[in-house]
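What follows is one structure encoded as structure tokens, with my remarks underneath.
The values are calculated or read from the model by the stated rules, or taken from the named source; none is laboratory data. Not measured: the values here are computed from a predicted model. Backbone-built Cβ (ideal geometry, glycine too); neighbour counts: all protein chains shown. Accessible surface is based on the protein model in full, side chains and every heavy atom, while ligands, DNA and RNA are left aside. Shrake-Rupley method; radii C 1.70, N 1.55, O 1.52, S 1.80 Å.
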Amino acid sequence: MTDTERRISEIVQRYFGESLDEDIGSSLERVDLPGGEWLFREGDQGDALYFLVRGRLQAWSGNEKRGRLLGEVVPGDSVGEAGLLTGAPRSAGIRAIRDSLLMRLGKARFEQLAATHPAMVMRLASHVAELMQRNLAGTGRTQRRYSTLCLVRLHDTPLVHDSVESLVARLCGGKRGLGLGRRRLEAAGAPVTLGSGGEIPEALRAWLADREDEHEVLVYLCDGKDQPWTRFALRQSDFTLWMADAAESSMPTVDERNLAASGRQALVLHHAARREISGTGAWLESRSMDFHFHLREGQTADRERLMRVLGGQAVGLVLGSGAVRGLAELGVYRALVERGVPVDWVGGSSIGSIVGGAIARGWDPDHAIAMARDSFVKGKPFSDYTLPVISLIRGKRMVRLLRTHLDVDIEDLPVPYFCVSSLLDRGEVHVHERGNLVEAVRASAALPGVLPPAVVEQELVVDGAVLNSLPVDVMLQKPVGRVIAVDVSYRGARKVDYPETPGSWSILRHRWLPFGQKLRVPTLATLILRATEIGTLQQSLQRSAAADLLINPPVREFGMTDVKAFDRIVEVGYEHALERLDDWSA
């Protein structure tokens, strides 16, 4: 039995049981799927079940331009179960990240086997039910540990060279990984090398698959030259890192333009000590990258963040909406830092976009809190009243305060960041990951009726909370292994002490009379804010269930525009987060 046959037998036994190994094994058809190719697309007829023997796949919803990554498939996993049982159109498309080998069980052969092995149908149905339950519970993850990486040196400067050597040493230390360069392939024990045209003999494919079983990660090393080894390495990798020196030209070379990775890829920009991060947009404009990272010389936190991403252990922090109550998220950030929980990716909606921007700038908690106090308490952004034609507040004071502290491009932030806003006409969520941070935050926090809409790409957008107040779903598209969500929305019931809503004059009279009863009536701004919030409460509950840790600070007692309670709100977030983090750690 060859290594490939042994792998297939193990997968079938694990899936259907040892008794069906021989019957099913003889019914499987081999499918070689090159990296970047689609096995099937959403809407195709379901006519087969596939087992992944080696390689890596992605599941996508929607088309290539407006698709959404649902998850990743690794060796031993299967796809197509529901379609095989029901014949219904595929609910998602499957694409190969890298060269992959699958075994196909067609519908006609399955029905023949089902007639003599009814237990097989029950096992398959049970597996489908388990997958559906997992998806409904939101426990699926797009991120799986990367087993093959490719490091491509775009520049041979000392900064890039030393960085690559350091990463390889960390990834392969203690025999956890195996580094494979063009000249090291035979030295590592490979049976054969590549052909002159870059073709891959089957013996080499099998040898590499065995090395994956023996090591946590294989690291392919190559330069940016268009040659057989580089093309081969790119086709074998789950994740490709294009290593560049930020001091060099941002324009891709002809060789780089001719190279393509089929899996996820990221640009890693290296910055010399004491040089500010700037101009990242020019690097990304001419490249099709999924992500980008900054490695600043002397900044250990940058390298540790990248290592966690590559190891599937990165932490994503999602900050929800909630107007002034959302300032409790600053206290949560302080608690995370004190407990040693890193923030490797940050995303937010509405007020969460502002707090997230401060975190993504790399500020420590004390500095972030000081800047927020200066903006929200001293700056009084909610006192910028105007003639209420399209909003109660002009928003110019808010923008001026934001520009004082957050006037940078999102691409230049040391911590990866995104925020969301709502496209007013299309009713779709817009994810901001490029461009000026102030403009993105201005759009994400454009509370309808309170602040005027923002303009993004010639379209009107409003507060992100209108469609997505807690964007955990967006964070799950990122290469993070754990997600912490902070939700400051209130879902309880508040009793009032009057039989019907009092009129305006009655409310004012009770406020002015020194001994009159104070009526607990929300302000117009609070009503608008709360109306915006309740529209997504149910979705927020579902999204929060997908997070690994939900922090829900008890901020009900504070008004949604009560900036005078700034310090108490931050303290409540801090104390509650400490309790939740300690419970989580335990």
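A few remarks follow.
- Spin-label pair Arg339-Ala125: with each label point 7 Å from Cα along the Cα-Cβ axis, the two points sit 4.4 nm from one another.
- The Cβ shell under 10 Å around Leu33 holds other residues with a net charge of -1, Lys and Arg each +1, Asp and Glu each -1.
- Each Lys or Arg adds one and each Asp or Glu takes one away; over the other residues whose Cβ falls under 15 Å from the Cβ of Met243, this sums to -4.
- Counting only protein heavy atoms and a 1.4 Å probe, segment 228-308 has 42 square angstrom of accessible area per residue.
- Label-point separation, Arg434 to Arg183 (7 Å along Cα→Cβ), nm: 3.9
- Protection proxy ranking of 325-336, 408-419, 250-261 - average other beta-carbon atoms within 10 Å, highest first: 325-336, 408-419, 250-261
- Peptide ranges 453-466, 474-487 listed from the most packed, as the mean C-beta count within 10 angstrom indicates: 474-487, 453-466
- Within the shell of other residues whose beta carbon sits under 11 angstrom from the beta carbon of Pro89, the net charge comes to -1, with Lys and Arg scored +1 and Asp and Glu -1.
- Accessible area of segment 6-64 divided out per residue, in Å², using a probe of 1.4 angstrom: 47
- Full extension of the chain between Asp255 and Arg68 gives 64.3 nm of extra length, using 0.36 nm per residue less the Cα-Cα distance.
- Applying 0.36 nm per residue to the separation of Thr116 and Leu460 and subtracting their alpha-carbon distance, the gain on full extension is 117.7 nm.
- Here the spin labels are modelled as points 7 Å beyond Cα on the Cα-Cβ line, and at Asp366 and Arg41 they lie 5.7 nm apart.
- Added length on full extension, which subtracts the Cα-Cα distance from 0.36 nm per residue, Ser166 to Ala88: 23.1 nm
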